[in-house]
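Participant: Take this structure first; my questions come after.
The values are calculated or read from the model by the stated rules, or taken from the named source; none is laboratory data. Bear in mind the structure is a predicted one, so any value in this text is a computation, not a measurement. Here the Cβ positions follow ideal geometry from the backbone for every residue, glycine too, while neighbour counts run over all protein chains shown.
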Amino acid sequence: MKKTLLTYFFIILCCLSGKLFSQTYQLTGNPIVTTGWDLVSSANVSGGDFVQLTADQGGLYGAVKLAAPINLKYCDKWKVEFDFRIDGNGTTQFGRGDGFTFWYLANPPTGFVSGGGLGIPANANGLMVGFDIFNNSTEGQMSKVHVLYGTNNLPAGNFNIEYNNTPGSTYHTPDLNPTQPFVGATYKHVEVNGETDPTNPTSWLIKIRIDGVLLVDQSFAPSGGAIGMTTGYFGFSAATGGASARHSIKNAKIYIDKVPILTNTITPFVCVNPATGTGTIDLTSYNTQFVANPANYIISYFGPGGTPIINPTNYTYSGNINITVVVKDPSSTLCDNGDGVIKLTPTPFAAVDVTLTGCNNNNAGVAIFDLTTAAVTTVLGVTKKYYPTLADLNNGTNEILNPAAYPSPVGFVYVKVTTPQGCVSTAKITLNHFAVVTVNDATLRTCFIETNPSTGLFNLSTASVTTQGGTTKKYYPSLTDAVNGTNEITNPLTYTAPNGVIYIKVSNGNGCYAVAKVTLTVIAPVLSAVLKDKTICMEDKTTLDAGPGFSTYLWSTGATTQAITNVGVGTYWVKLKTGDCTATQKVTIFPSEQPVITNVDISNNTISINVIGGTQPYKYSMDDITWQDSNQFKNVPRGDNKIYVKDAYDCEPITITVVVPNLINVITPNGDGVNDAIDYSSLANKQNLVFNVFDRYGAKIHQGDKSTRYRWDGTISGRKVPTGSYWYSVTWNENDKHNTPFKYSGWILVKNRE
């Protein structure tokens, strides 16, 4: 057998150049996928990530195998890996049994096979690797690996891989129960590697590991029906008899097939140097045409008769020759592939004339050409030099040093092409221009944005900058951005901007472009020049007039007239339309500020009113009829008097009640009950009432307050003051909302008998 064993159960076929296939067969997934496999007898999938070959019952058989046979004729190495679990309680009489087998058989099992054969039928031909847990000789438990590369037909009358000892084709490990028992709840991982024995190509060198421990490492020769076998079925089987166990398999992978190559045959262009009659070629330069990642493989080259090519990077040829390419997999996962061929057929070399067409962008007069894209030859590995004239090419002068970005009007350049073999040819490259994209500048006007009147909302796509069809437009804030394709305006339909310009790059189907300038004009708001804020009395009404010249009016009151009347204090707006734009103008009617009486001075029968706030001049009255400019009222009678004050707006006057106390100018504190004291206790209900008496030098000699009941009897600390005149003042805050300060002052004569 010359084959490789690839992962089984789930088939993935990758077609390579319509000829070669790399195949993978797997049993993986959760739930496990068995597409392309046959479940035989009691084998089943119960929704988990494993295939159960048998349940823990006696007299069962189960197998899973590929539905189609696999031909391994050309494979000289292979690898198999899988996880197995053998568990359960077994039977009372015999315990657990019997085990399972991985196999590649020409005649796989199709029906029940007793447990002693591990699910392998008599006379099965191929490779069998059994994992046995029941010793048929002692009827006890064990853990052994049996390998048979041949026919399961021994011993006669009791076909059992356990007892087959065909020389060179079998192997049986010692009992592994003490170190690696097969039975248990944990899955065990098995790896089987094989490759052709170089000393005997019909034999396999096989290595078997369980959980990384090497158990088998030797050569096996085919025997019986395995000799010359090239086609078989991969699979697993298990059986129970008098003993029983649950046998489960998962994560199985069988690797087969050659290293996949992308193509079988490569026919590169080659020529011979006329001077020598030979050419050289780097065979390794074609590795990527055989495999995508050459570094992962060992690639060898062979000439006629299988002669190894020692220096493939500089191989010399003179006539027609086929080079055989062998791709090896150093990981020993895939078989070698020797199907690759490089066919060398020297032919004369001639470059061809071509035409390049470029864009005369923005009608600049030149296009930027990438001369290296001119397909003057299909030969790989050539070198090219470019010249502005044929004479320059012939003389080797004025070589074009920027061929990837060569600016040129309509015209010609010339290229000298040299193959890796030294063959030379020249070609003419015609340089043409595509039709110019025609654009014109444009202007867009739009109404201001009310929240930011210096800006407007533009739909840039409405700018009529070209009449040519089949064009696309992109928008940019500057000419440099438009040319370089940077800072593109991504919201051209709703572009907010002040007065200014933007640029539109108009491109056609050839990728050519021209740039148009678009002037943006924000129509400024037009407001009423006559509509102004007003100040009126709180109780008054007025008229607001926006003036003529607007096409429509809409007031915040709902009115649509030029003016609105009978409106009081408050804030109003009016929408004024001019052309297509509407401006909102606010106007406020302020209430006039009322004057405030700050304090009242009463001197004998003269009252002085002090006022702040409002708008001067102030007017004063004691009857709300007769008004005066002076803030003093004389000869005011004793008792309560009402004072009226208003400002220049002539609004409802403010009023205050002024108490002019009863005036006593003489006291005779002699205890006769008549004029014995000056008494202001009648003002005790006023706020902050203070009654002070001063001598003629201004020194305070008495303060009347609540403790003295706001009176003075002409004494200081119980001693009578000298007869004479004294001054006094009475201050308080009126019980109004402004707590208006009042001050009453006067003089008094005290007559004390000495």
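Participant: Take the stretch 445-460 and flag every residue that is crowded, with 20+ Cβ neighbours inside 10 Å and either assigned by TED's automatic domain parsing to the domain that holds GLY319 or not in a strand (DSSP E or B) (or both). Break it down into steps so the answer makes sense when it comes.
Facilitator: Narrowing the stretch 445-460 to residues crowded, with 20+ Cβ neighbours inside 10 Å: 446, 448, 456, 458, 460.
Answer for the stretch 445-460, where residues must be crowded, with 20+ Cβ neighbours inside 10 Å and either assigned by TED's automatic domain parsing to the domain that holds GLY319 or not in a strand (DSSP E or B) (or both): just LEU460.
Participant: Does the stretch 74-89 contain any residue that is more than 19 Å from GLU191 (Cα to Cα) and modelled with pLDDT under 90? Give the steps one after another, and end with the answer.
Facilitator: Our first condition is that a residue be more than 19 Å from GLU191 (Cα to Cα); within the stretch 74-89, this holds for 74, 87-89.
Of the ones still in play, those that are also modelled with pLDDT under 90 are 74.
Yes, the stretch 74-89 contains at least one residue that is more than 19 Å from GLU191 (Cα to Cα) and modelled with pLDDT under 90.
Participant: To continue, here is another question. What single numbered condition from (1) surrounded by 14 or more Cβ atoms within 10 Å (Cβ to Cβ); (2) not in a strand (DSSP E or B) fails to hold for GLY558?
Facilitator: The failed condition is (1).
Participant: Evaluate the following for VAL325: is it outside the structural domain of TYR25 (by TED's automatic domain parsing), within 30 Å of THR231 (Cβ to Cβ) and touching a residue at least 24 places away in the same chain (Cβ under 8 Å)?
Facilitator: Spelling it out, VAL325 is indeed outside the structural domain of TYR25 (by TED's automatic domain parsing), within 30 Å of THR231 (Cβ to Cβ) and touching a residue at least 24 places away in the same chain (Cβ under 8 Å).
Participant: A follow-up question, please. Pick from ALA524, ALA546, ALA529, ALA516: which is of a type in the set (Gly, Ala, Ser) and touching an Asp or Glu at 6+ places or on another chain (Cβ under 7 Å)?
Facilitator: Values: ALA524 fails: touching an Asp or Glu at 6+ places or on another chain (Cβ under 7 Å); ALA546 fails: touching an Asp or Glu at 6+ places or on another chain (Cβ under 7 Å); ALA529 fails: touching an Asp or Glu at 6+ places or on another chain (Cβ under 7 Å).
Going through ALA524, ALA546, ALA529, ALA516 in turn, just one is of a type in the set (Gly, Ala, Ser) and touching an Asp or Glu at 6+ places or on another chain (Cβ under 7 Å): ALA516.
Participant: Tell me the strands (runs of 3 or more DSSP E) entirely within the stretch 605-665 that contain at least 2 residues that are farther than 17 Å from ASN735 by Cα.
Facilitator: Values: elements: 606-613, 619-621, 639-646, 654-660.
Correct list: 606-613, 619-621, 639-646.
Participant: Exactly one condition in (1) among the polar types (S, T, N, Q); (2) over 30 Å from LEU66 (Cβ atoms); (3) in contact (Cβ under 8 Å) with a residue 60 or more places away in the chain is not met by THR288; state its number.
Facilitator: Unmet condition: (3).
Per-residue answers, yes or no, for (1) at pLDDT 90 or above; (2) hydrophobic (A, V, I, L, M, F, W, C); (3) closer than 16 Å to PRO420 by Cβ:
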{"residue": "ALA238", "(1), (2), (3)": "yes, yes, no"}
{"residue": "PRO260", "(1), (2), (3)": "no, no, no"}
{"residue": "THR276", "(1), (2), (3)": "no, no, yes"}
{"residue": "GLY279", "(1), (2), (3)": "no, no, yes"}
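Participant: Moving to a separate point now. With the structure loaded, tell me whether ILE523 is within 27 Å of THR615 (Cα to Cα) and of a type in the set (A, V, I, L, M, F, W, C) or whether it fails that test. Working first, answer last.
Facilitator: Numbers: within 27 Å of THR615 (Cα to Cα): no; of a type in the set (A, V, I, L, M, F, W, C): yes.
Here the answer is no, as ILE523 does not meet what is asked.
Participant: Going through LYS416, LYS473 one at a time, which residue ends up being part of a strand (DSSP E or B), closer than 30 Å to THR284 by Cβ and either not aliphatic (A, V, I, L, M) or not assigned by TED's automatic domain parsing to the domain that holds ASN395 (or both)? Even if it seems obvious, please write down each step before you answer.
Facilitator: Values: LYS473 fails: closer than 30 Å to THR284 by Cβ.
Checking each option against the conditions leaves just LYS416.
Participant: Still on this structure: Tell me which residues, restricted to the stretch 582-600, are surrounded by 17 or more Cβ atoms within 10 Å (Cβ to Cβ), under 60 Å from the mean Cα position of the chain (by Cα) and of a type outside the set (Gly, Ala, Ser).
Facilitator: THR582, VAL587, ILE589
Participant: I've got another one for you. Tell me yes or no: at least one residue of the stretch 511-525 is of a type outside the set (Lys, Arg), exposed (fewer than 14 other Cβ atoms within 10 Å of the Cβ) and under 30 Å from VAL366 (Cβ atoms).
Facilitator: To start, the set of residues in the stretch 511-525 that are of a type outside the set (Lys, Arg) comprises 511-516, 518-525.
Checking the rest, the ones that are also exposed (fewer than 14 other Cβ atoms within 10 Å of the Cβ) come to 511.
Adding the requirement that they be under 30 Å from VAL366 (Cβ atoms) leaves 511.
Looking for residues that are of a type outside the set (Lys, Arg), exposed (fewer than 14 other Cβ atoms within 10 Å of the Cβ) and under 30 Å from VAL366 (Cβ atoms), one finds at least one in the stretch 511-525, hence yes.
Participant: Find all pairs meeting these conditions: Cβ atoms under 6 angstrom apart; at least six residues apart or on different chains; first residue within the stretch 27-43 and closer than 14 Å to ALA68 by Cα; second residue β-branched (Val, Ile, Thr) and surrounded by 20 or more Cβ atoms within 10 Å (Cβ to Cβ).
Facilitator: Between residues of the stretch 27-43 that are closer than 14 Å to ALA68 by Cα and residues that are β-branched (Val, Ile, Thr) and surrounded by 20 or more Cβ atoms within 10 Å (Cβ to Cβ), the close pairs are TRP37/VAL64; LEU39/VAL64.
Participant: Residues of the stretch 730-754 being at pLDDT 85 or above and touching a Lys or Arg at 6+ places or on another chain (Cβ under 6 Å), which ones?
Facilitator: The answer is THR731, TRP732.
Participant: Would you check if ILE310 is surrounded by 20 or more Cβ atoms within 10 Å (Cβ to Cβ), more than 13 Å from THR280 (Cα to Cα) and modelled with pLDDT of 85 or more? Working first, answer last.
Facilitator: Details: surrounded by 20 or more Cβ atoms within 10 Å (Cβ to Cβ): no; more than 13 Å from THR280 (Cα to Cα): yes; modelled with pLDDT of 85 or more: yes.
So ILE310 does not fit the description; no.
Participant: Right, something else. Within the bounds of the stretch 173-193, is there any residue that is closer than 26 Å to GLY95 by Cβ and surrounded by 23 or more Cβ atoms within 10 Å (Cβ to Cβ)?
Facilitator: Yes, the stretch 173-193 contains a residue that is closer than 26 Å to GLY95 by Cβ and surrounded by 23 or more Cβ atoms within 10 Å (Cβ to Cβ).
Participant: Here's a check for you: in the stretch 584-622, which residue that is of a type in the set (A, V, I, L, M, F, W, C) and in contact (Cβ under 8 Å) with a residue 60 or more places away in the chain is farthest from LEU554 (Cα to Cα)? Outline the logic, then answer.
Facilitator: Restricting attention to the stretch 584-622, the residues satisfying the condition of being of a type in the set (A, V, I, L, M, F, W, C) are 587, 589-590, 596-597, 600, 602, 607, 609, 611-612, 622.
When the remaining residues are screened for being in contact (Cβ under 8 Å) with a residue 60 or more places away in the chain, the result is 596-597, 600, 602.
Values: VAL596: 39, ILE597: 43, VAL600: 50, ILE602: 56 Å.
Restricting to residues being of a type in the set (A, V, I, L, M, F, W, C) and in contact (Cβ under 8 Å) with a residue 60 or more places away in the chain, the top hit is ILE602.
Participant: Could you check the stretch 51-78 and list, in sequence order, the residues that are in contact with an Asp or Glu (Cβ under 8 Å, 6 or more places away or on another chain) and surrounded by fewer than 22 Cβ atoms within 10 Å (Cβ to Cβ)?
Facilitator: ASP56, LEU66, ALA67, ASP76
Participant: I'd like the full set of residues that are surrounded by 15 or more Cβ atoms within 10 Å (Cβ to Cβ) and either closer than 15 Å to VAL587 by Cα or of a type in the set (S, T, N, Q) (or both), limited to the stretch 546-555. Walk me through how you get there before you give the answer.
Facilitator: Taking the stretch 546-555 and keeping what is surrounded by 15 or more Cβ atoms within 10 Å (Cβ to Cβ), we get 546, 550, 553-555.
ALA546, TYR553, LEU554, TRP555, listed by residue number.
Participant: Is it the case that some residue within the stretch 143-150 is among the hydrophobic types (A, V, I, L, M, F, W, C), in contact with a Ser or Thr (Cβ under 8 Å, 6 or more places away or on another chain) and either closer than 22 Å to ASP83 by Cβ or not assigned by TED's automatic domain parsing to the domain that holds GLY90 (or both)? Steps first, answer last, please.
Facilitator: Within the stretch 143-150, the subset among the hydrophobic types (A, V, I, L, M, F, W, C) is 145, 147-148.
Of the ones still in play, those that are also in contact with a Ser or Thr (Cβ under 8 Å, 6 or more places away or on another chain) are 145, 147-148.
Filter once more, keeping what is either closer than 22 Å to ASP83 by Cβ or not assigned by TED's automatic domain parsing to the domain that holds GLY90 (or both): 145, 147.
Yes, some residue in the stretch 143-150 is among the hydrophobic types (A, V, I, L, M, F, W, C), in contact with a Ser or Thr (Cβ under 8 Å, 6 or more places away or on another chain) and either closer than 22 Å to ASP83 by Cβ or not assigned by TED's automatic domain parsing to the domain that holds GLY90 (or both).
Participant: While we're looking at this one, here's another question. Listed residues ALA463, ALA516, ALA529; which is free of Cβ contacts under 8 Å to residues at least 24 places away in the same chain and either not basic (Lys, Arg) or not assigned by TED's automatic domain parsing to the domain that holds LYS577 (or both)? I'd like the intermediate steps shown before the answer.
Facilitator: On the way: ALA463 fails: free of Cβ contacts under 8 Å to residues at least 24 places away in the same chain; ALA516 fails: free of Cβ contacts under 8 Å to residues at least 24 places away in the same chain.
Result of the check over ALA463, ALA516, ALA529: ALA529.
Conditions (1) farther than 30 Å from THR347 by Cα; (2) hydroxyl-bearing (Ser, Thr, Tyr); (3) free of Cβ contacts under 8 Å to residues at least 24 places away in the same chain, marked per residue:
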position	(1), (2), (3)
ALA405	yes, no, no
SER408	yes, yes, no
GLY411	yes, no, yes
LYS416	no, no, no
ALA427	no, no, no
HIS433	yes, no, no
VAL437	yes, no, no
ASP441	yes, no, no
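Participant: Next question, about the same structure. Starting from residues that are part of a strand (DSSP E or B) and of a type in the set (S, T, N, Q), keep the ones in the stretch 230-255 and report whichever is farthest from ALA63 (Cα to Cα).
Facilitator: Pass one, the stretch 230-255, residues part of a strand (DSSP E or B): 231-239, 246-255.
Within this subset, residues satisfying the condition of being of a type in the set (S, T, N, Q) are 231, 237, 248, 251.
Details: THR231: 19, SER237: 4, SER248: 11, ASN251: 16 Å.
This residue is THR231.
Participant: On to the next question. Scan the stretch 679-736 for residues that are surrounded by 12 or more Cβ atoms within 10 Å (Cβ to Cβ) and either among the aromatic types (Phe, Trp, Tyr) or within 60 Å of the chain's Cα centre (by Cα) (or both) and report the count.
Facilitator: 9
Participant: Among all residue pairs at least 6 apart or on different chains, which show Cβ distances below 6 Å where the first residue, located in the stretch 198-224, is among the hydrophobic types (A, V, I, L, M, F, W, C) and the second is assigned to a loop (DSSP other than H, G, I, E, B) and surrounded by fewer than 20 Cβ atoms within 10 Å (Cβ to Cβ)?
Facilitator: Here the result reads ILE210/GLN180; LEU215/THR173; ALA221/GLY168, each pair linking the stretch 198-224 to a residue that is assigned to a loop (DSSP other than H, G, I, E, B) and surrounded by fewer than 20 Cβ atoms within 10 Å (Cβ to Cβ).
Participant: If you don't mind, there's one more thing I want to ask. Tally time: how many residues in the stretch 367-395 are at pLDDT 95 or above, buried (at least 16 other Cβ atoms within 10 Å of the Cβ) and β-branched (Val, Ile, Thr)?
Facilitator: Result for the stretch 367-395: 1.
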